[in-house]
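The values are calculated or read from the model by the stated rules, or taken from the named source; none is laboratory data. Here the structure is a predicted model, which is why all the values come from computation and not from measurement. Methodologically, a virtual Cβ is constructed for each residue, glycine included, from the backbone with ideal geometry; neighbour enumeration extends over all protein chains shown. These area figures cover heavy atoms from the full protein model, side chains too; ligands, DNA and RNA do not enter into them. Shrake-Rupley method; radii C 1.70, N 1.55, O 1.52, S 1.80 Å.
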Amino acid sequence: MFAVRFERFGPPEVLSVGELPQPHAGPGQVRVRVRAAGVSPVDLAIRAGRARSPIALPHIPGVDAAGVVDEVGPGVEDGVSVGDEVFGAVDAARLGGATAEFAVLAFWARKPPSMPWEQAGAAASGVETATRALDLLDVRAGTTLLVDGASGGVGSLAVGLALARGARVLGTAAPGNQEFVESLGATPIPYGPGLRARVPGRVDVALDVAGKGSLPELVELTGSPSSVVTLADSSGPRHGVRVSVGALGGEPDGRHGLAAAAALFERGRFRVPVQEVFEDAVAAHTAAERGPRRGKLVVAVNV
Ligand SMILES: NC(=O)c1ccc[n+]([C@@H]2O[C@H](COP(=O)([O-])OP(=O)(O)OC[C@H]3O[C@@H](n4cnc5c(N)ncnc54)[C@H](OP(=O)(O)O)[C@@H]3O)[C@@H](O)[C@H]2O)c1
């Protein structure tokens, strides 16, 4: 099969398209013929040689994909069949494989027929992560949530899913991204030190997606470290703040969020903000590194 892959760590230019053996669906997995794959910070870190665990080369980047099921592994119980359109994510231990002709998914949900492939391809890990974080913070109707880093891939999904729960959402972003955050339905606030003076009124809970050192301020804003979750700041425990890492950390995961997000999409109450769709993975990784970010970046495959 063809795949975007790299054989040495380095800048986006180490990516190229080549032939690799096809993967196959193992127990509890499905294989899809990929239509679109998301670009995530972990893809950039792995490609640059900054992965936290050893990565075998050649490596195919991409943890999120959407496509048409063409192989169902043993023990799959949700009734998915060959020919179904799904979106999902690769196994957390593998951390790659999505930007290829075929990809193996460890969890997935059915793609609503009306959901564009690019939205579906970019959705899964961000929706899982955002759902997990909103569950941990017990975000529900009437909650006031502050998302620090609201314009990026996970932040913009967290905003949308929190609004769908009936929460009131404040979102921080760069000065140039205030209108984008407002378009998501959140009250925009410029990011950076001094948040307290810029936040109008009370905040019940806060989600730190950016990991840029705001935890003391978020604890002060909410009044308690237990009202803050970070996805990206390893200093969390020093501030009494939970660092959510998902299934790898033995936490309850947010996989149930995929089917819920699909149902919300069908009712017109949720969408996956897509900044740009690329046919060239080098350009996609270059844009992801350059910023600024307005939702997810996507690589189109098998178009
Ligand atoms: N723990 C988990 O389970 C988990 C899962 C997924 C992702 N993550 C991590 O979560 C982080 C965000 O992921 P992502 O996909 O959303 O990344 P992303 O799409 O690159 O977005 C990052 C966002 O942070 C914003 N930002 C930059 N500096 C900031 C600051 N000082 N204050 C507030 N926001 C700031 C960026 O805005 P500008 O572009 O305007 O600068 C951008 O919108 C990454 O570190 C990723 O590795 C963790």
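Roughly how many Å is it from the Cα centre of the range 1-67 to that of the range 219-286, as a whole number? Going from one Cα centre to the other spans 21 Å.
The packing ranking, built from the mean of other Cβ atoms within 10 Å per residue, places the peptides 197-205, 111-119 in the order 111-119, 197-205, highest first.
Note down, for the range 173-303, the three equivalent ellipsoid semi-axes (square root of 5 times each alpha carbon gyration tensor eigenvalue), biggest first, whole angstrom.
28, 20, 17
Taking every protein chain into account, the accessible area of the range 127-249 amounts to 40 square angstrom per residue (probe 1.4 Å).
Couplings 3J(HN,Hα) of the range 281-287, computed from phi: 5, 4, 5, 5, 5, 5, 5 Hz, in residue order, whole Hz [Karplus 6.51 cos²θ - 1.76 cosθ + 1.60, θ = phi - 60°; x for Gly and Pro]. Across the range 292-303, coupling constants 3J(HN,Hα) worked out from phi with the 6.51/-1.76/1.60 Karplus curve, θ = phi - 60°, read x, 9, 10, x, 9, 9, 9, 10, 7, 10, 6, 7 Hz, and Gly and Pro carry x. Highest mean first, the peptides 58-67, 267-276 sorted by other C-beta atoms within 10 Å per residue fall in the order 58-67, 267-276. Heavy atoms only, probe 1.4 Å: what % of the accessible area of the chain goes to carbon and sulfur, would you let me know? Its accessible area is 52 percent carbon and sulfur atoms. Close amide H contacts of Arg35 (hydrogens built in the peptide plane, cut-off under 5 Å, sequence separation of 5 or more or a different chain): Ala66, Gly67, Val68.
Relative contact order of the chain: 20 percent, from C-alpha pairs under 8 Å at least 6 residues apart in sequence. Highest mean packing comes first when the peptides 135-148, 282-295 are listed by Cβ atoms within 10 Å, giving 135-148, 282-295.
Do any trypsin sites (Lys or Arg not before Pro) in the range 25-119 lie in a loop, going by DSSP, with at most 12 other beta-carbon atoms within 10 Å of their beta carbon, and if so which?
Passing both the DSSP loop test and the Cβ count: Arg50, Arg52.
Of all the Cα-Cα pairs you can form in the range 127-249, what percent are over 24 Å apart? Tail of the P(r) past 24 Å holds 14 percent of the pairs.
For the chain, the spread of Cα positions along the three principal axes, ordered from largest to smallest, is 55, 41, 35 Å. Each Cα pair under 8 Å and six or more residues apart adds its sequence gap; the mean of these over the residue count of the range 127-249 is a relative contact order of 22 percent.
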